[in-house]
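Comments concern the structure below.
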Amino acid sequence: MVDAALISLCLQVLLTMTDIPRDHPRYQSLVTREMLVKGVRDGITSMQGLIAHGRGEAFDYLLGEKTTAPALGAEKAAVAMLLLARNPVVSVNGNAAALAAPEMVALAKEVNAGVEVNLFHRTEERVGKIAGLLRSNGCEPLGVHPDRLIPGLSHDRAKASSEGIFTADVVLVPLEDGDRCEALVKMGKKVIVVDLNPLSRSARTATVTIVDNIVRALPNMVKLAEEMKSLPRPELEKIAGGFSNETALSAALDAMMETVQSSKQH
Ligand code: PTJ
């Protein structure tokens with residue numbers, strides 16, 4: 001009975017996705033929305049995740065819904081940092097799971113990282129479902145039975161696993177909340193975030209902020225990791241060391257301002 005209901009729901013979502021005309025100028029954006037709606041229906045994404053995505057979309061609109069050259073530079077620096085890390089970990093929340101689960105797992109494989117489920121609005125049911133999705137993509141995730149708390153956080157989002165995020169030297173935490181980003185940086189970790197809002201606290205606190213949509217950033221990073229994993233360490237160190245988060249955020253704001261200015265001229 002439950003299976004039949006699930007199958008019908010999946011079919012409904014697939015039909016909605018195929019209903020979106022391919023020649024719609026904002027096709028990718030609309031498909032991404034459907035992926036998140038499906039994520040909520042499947043118990044993977046939180047309702048709050050839809051609101052967070054809406055905020056992201058507004059910034060993406062200003063970016064022209066494309067990966068800018070500075071964002072690609074940040075993606076390259078992030079991949080170099082992950083390849084150089086002793087114990088890298090990729091963190092997955094409800095939005096990342098709905099939008100980029102296969103790519104998160106593929107990237108973790110390329111850079112030899114652990115994958116950990118870490119939720120802001122944590123429920124054991126949602127952790128289980130996200131872990132199941134990650135397993136179906138070929139990895140055994142950490143974070144299902146967290147045994148440590150990140151210092152300075154008074155919330156379920158503090159939960160972490162000792163062999164994962166707690167001891168990691170480099171963490172990729174896409175769509176991270178500001179408090180947790182700050183707490184991880186305070187623990188001495190290099191923190192990579194994917195955040196379309198260059199003004200957010202996470203963006204300003206992280207070691208590397210990728211101002212790009214996760215649906216573009218993660219596939220780019222998988223490709224970069226495939227290409228870069230054979231580079232010698234000094235070369236990777238040069239790429240990672242040459243990155244400035246301040247400059248990257250300023251470039252993202254410039255790109256957005258340019259969109260606003262050119263719209264005013266028309
Ligand atoms: O699954 P959970 O419980 O862990 O919850 C996940 C969310 C995302 C709801 C939670 O971490 C949250 O509330 O995040 P914030 O504080 O709203 O931050 C999300 C940030 O991600 C915002 O700055 C958005 O602009 C940005 N964002 C939203 N969608 C995307 C995005 N950045 C990149 N790609 C997106 N698709």
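Rounded to the nearest 500, what is the chain's calculated 222 nm mean residue ellipticity when only DSSP H runs of at least 4 contribute -39500 (n - 2.57) each, over all residues? If you can, show how the numbers build up before the last one.
Details: 11 runs with 156 residues, N = 266.
Here the helix-only value at 222 nm equals -19000 deg cm²/dmol.
To the nearest 20 Debye, how big is the dipole of region 69-250 about its Cα centre, given +1 on the beta carbon of each Lys and Arg and -1 on that of each Asp and Glu?
120 debye
Hey, any idea what % of the chain's accessible area is carbon plus sulfur with a 1.4 Å probe?
Answer for the chain: carbon and sulfur cover 57 percent of the accessible area.
Which of the lysines could be linked to residue 223 by a straight reach, that is with a Cα gap under 26 Å, when you skip same-chain ones fewer than 8 residues away?
Cα-Cα hits under 26 Å: 66, 76, 109, 189, 190, 238.
What share of Cα pairs, in percent, lie more than 24 angstrom apart in region 69-250?
Percentage above 24 Å: 29.
List residues of region 84-101, by number, whose backbone nitrogen lies under 19 Å from a label position 7 Å along Cα→C-beta of residue 136.
92-101
Run the quick spin-label model on residue 185 and residue 223: label points 7 Å from Cα toward the beta carbon, then report their separation in nm to one decimal.
With each label placed 7 Å out from Cα toward Cβ, I get 3.0 nm.
For residue 169, what accessible area in Å² do you get when you roll a 1.4 Å probe over the heavy atoms of the protein chains, rounding to the nearest 10?
Taking all protein chains as shown, residue 169 has close to 30 Å².
Run through the DSSP bridge list for region 69-250 and note the antiparallel percent, rounded to the nearest 5.
10 percent
Could you check the simple spin-label distance between residue 154 and residue 263, using points 7 Å along Cα→Cβ, in nm with one decimal?
In this crude spin-label approximation the distance works out to 4.0 nm.
Counting only heavy atoms of the protein chains, get the accessible area per residue of the chain (1.4 Å probe) and round it to a whole Å² value.
49 Å²
Please list, by residue number, every one of the trypsin sites (Lys or Arg not before Pro) in region 164-233 that is coil in DSSP and has at most 16 other beta-carbon atoms within 10 Å.
Listed in order of number, the matching sites are 229.
The values are calculated or read from the model by the stated rules, or taken from the named source; none is laboratory data. Treat the numbers as computed from the prediction; the structure is a model and nothing was measured. Methodologically, a virtual Cβ is constructed for each residue, glycine included, from the backbone with ideal geometry; neighbour enumeration extends over all protein chains shown. Each accessible area value is taken on the protein alone, full model and side chains, heavy atoms only, with ligands, DNA and RNA left out. Shrake-Rupley method; radii C 1.70, N 1.55, O 1.52, S 1.80 Å.
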